[in-house]
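Heads up: the structure comes next, in structure tokens.
Only the coordinates and a few stated rules stand behind these numbers; no lab work does. Source: prediction; values computed, not measured. When we count neighbours, we look across all protein chains shown, and the Cβ atoms used for this are built from the backbone with ideal geometry, even at glycine.
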Number of protein chains: 2
Amino acid sequence: MNLTERTKLRRLPARGSHELESIYGILDAAFLAHVGFCANGQPFVIPTNFGREDDTLFIHGSAASRMLRELSTGVPACVTVTHVDGLVLARSAFHHSMNYRSVVAFGTAKKIEDDERKMHALRVISDHLIRGRWDEVREPNEKEMKQTSVLEFAIEEASAKVRVGGPIDDEEDYALPVWAGVLPLRMQAGEPVGDVRLVKEDLPEYVIQYQRK
Amino acid sequence: MNLTERTKLRRLPARGSHELESIYGILDAAFLAHVGFCANGQPFVIPTNFGREDDTLFIHGSAASRMLRELSTGVPACVTVTHVDGLVLARSAFHHSMNYRSVVAFGTAKKIEDDERKMHALRVISDHLIRGRWDEVREPNEKEMKQTSVLEFAIEEASAKVRVGGPIDDEEDYALPVWAGVLPLRMQAGEPVGDVRLVKEDLPEYVIQYQRK
């Protein structure tokens, strides 16, 4: 990965972080990415699951998926991951902000043809979503593998942006009798809902303990 | 809004919904969108806040923002909003899925030059994020307005996709002794953290009650 013009899109270099560790941490805390590509000058932004291994992101879907077909031609792609961590409520409208972590990654994707690597990639995606699940469920059979496309997206450049902390107001606004601070937000798991046809009702530990960073 | 080739990107028409009500409902439940545009064939996907009024989405940022400058030239844009509602855990790896609501909207943006409309748009964005806040805080002054760009994105086409419900397994897999079902996920607010320099400690009702659909 390296840094060139493309990742200099963002305006606030002070918030920028190009450290690999930060980028990987943000990617690994998410399981949903928004993938962008252009087709005849028209941008498409499609939400999708993903998994990461080193600087490779794996995405999968139906073999008939137009997004996967477009991406597998090797067109430039952009994969963006965003976590909202809180609303930053300032005393002035102007200084309102959001605490967040995001990664914008550029690169190109190609289809995985090798069956063993394809199965490995599916496992990485599954582990990324909910670790422990893959070992319990029935693995994809030959027919299902044929119906599934898996791409590997090589991250060529990436940048992370992070905002943390409370509001920063103009000095004269601190006298205003307005509540200000941070309202933390996070994605939380609710009560698991078992399928009606369960032959085994016990909840796996990885479901009970499920949480994202 | 109408439906043309662009929104036929997605593969599962059975999950498609082009009803306006559904599209507006999904947009209004979110405050974060991923905006896509192409510059010299390179796609960019940038997370941003937004507000909605009819079929117009307002987005704002620094007057120096490259994204806003690019978009305001009227290039084709794509605005995507995604809610993850739960993990769908099936008995086979292949039938794992996610419950979600998403909207992919296509259109073009332009800069709002009229000051009154610009202020109105900022209020719509604020109300969309946290209703009640705008009335309490100091409004943007002239200098702040100059530092802020606001765009209106006219939705020309949009499609919604929604998945709800439990896993659907292959008949023979129902005998497997694997827990299956849905793990609901939602964004939840935590305990508000007041700024250290508050002159008024009382939490507003709209902060205490804050929740997204």
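Here are a few things to note about the model shown:
- Mean separation of Cα contacts under 8 Å, 6 or more apart, over the residue count of the stretch A:5-208: relative contact order %: 27 percent
- Scanning residues 5 or more positions from B:Asn99 or on other chains, those with amide H under 5 Å from its amide H are B:Asp85, B:Gly86, B:Leu87, B:Val88, with H placed 1.01 Å from N in the peptide plane.
- Fluctuation leader among B:Gln188, B:Gln147, B:Gln42 - chain B, Gaussian network, Cα springs under 10 angstrom: B:Gln42
- Taking B:Arg91, B:Arg101, B:Arg138 as the candidate residues, the one with maximal mean-square fluctuation in a Gaussian network model of chain B, Cα springs under 10 Å, is B:Arg138.
- Note on B:22-34: average number of Cβ atoms from other chains within 10 Å of each residue's Cβ is 2.
- Across the stretch B:40-48, coupling constants 3J(HN,Hα) worked out from phi with the 6.51/-1.76/1.60 Karplus curve, θ = phi - 60°, read 6, x, 9, x, 10, 10, 10, x, 7 Hz, and Gly and Pro carry x.
- Backbone geometry of the stretch B:108-119 corresponds, through the Karplus equation with coefficients 6.51, -1.76 and 1.60 at θ = phi - 60°, to 3J(HN,Hα) couplings of 10, 10, 9, 6, 8, 9, 5, 4, 5, 5, 4, 5 Hz, x marking Gly and Pro.
- Ranking A:Thr56, B:Leu185, A:His83 by how far each Cα lies toward the positive end of the dipole of the protein assembly as shown (charges on Cβ) leaves A:Thr56 at the top.
- Exam field: B:Gln188 pseudo-label spacings to other copies (7 Å along Cα-Cβ), nanometres: 0.3
- Using a Gaussian network model of chain B in which every pair of alpha carbons under 10 angstrom is joined by a spring, one finds that among B:Lys110, B:Lys143, B:Lys200 the greatest mean-square fluctuation is at B:Lys200.
- Set of the stretch A:99-129 residues, backbone N closer than 19 Å to the point 7 Å along the Cα-Cβ line of A:Leu20: A:103-108
- Virtual paramagnetic centre 7 Å along Cα→Cβ of B:Lys111, amide N under 13 Å, in the stretch B:31-72: B:61-72
- Hz values of 3J(HN,Hα) by residue in the stretch B:124-137 - Karplus curve (6.51, -1.76, 1.60), Gly and Pro given as x: 4, 4, 5, 4, 5, 7, 7, 5, x, 5, 4, 5, 9, 9
- Shielding of A:196-207 by partner chains, average beta-carbon count, 10 Å: 4
- Whole-angstrom gap from the stretch B:47-101 to the stretch B:103-158, using each part's C-alpha centre: 17 Å
- The amide H of A:Ala30, built 1.01 Å from its N in the peptide plane, has no neighbour under 5 Å, considering only residues 5 or more places off or on other chains.
- Distances in nm from B:Arg212 to the matching label points in the other copies, shortest first (labels 7 Å along Cα to Cβ): 1.0
- Ranked from shortest, the separations from the 7 Å Cα-to-Cβ label point of B:Ala63 to its equivalents in the other copies are 5.6 nm.
- Greater than 26 Å apart at Cα, pairs in A:Lys200/B:Lys161; A:Lys161/A:Lys213; B:Lys111/B:Lys200; B:Lys110/B:Lys143; A:Lys111/A:Lys143: A:Lys200/B:Lys161; B:Lys111/B:Lys200
- Dipole magnitude (debye, nearest 20) for the protein assembly as shown, charges at Cβ of Lys, Arg, Asp, Glu: 740 debye
- Each label was represented as a point 7 Å from its Cα along the Cα-to-Cβ direction; for A:Ala154 and A:Gln211 these points are 3.9 nm apart.
- The protein assembly as shown: calculated mean residue ellipticity at 222 nm from DSSP helix runs of at least 4, using -39500 (n - 2.57): -5500 deg cm²/dmol
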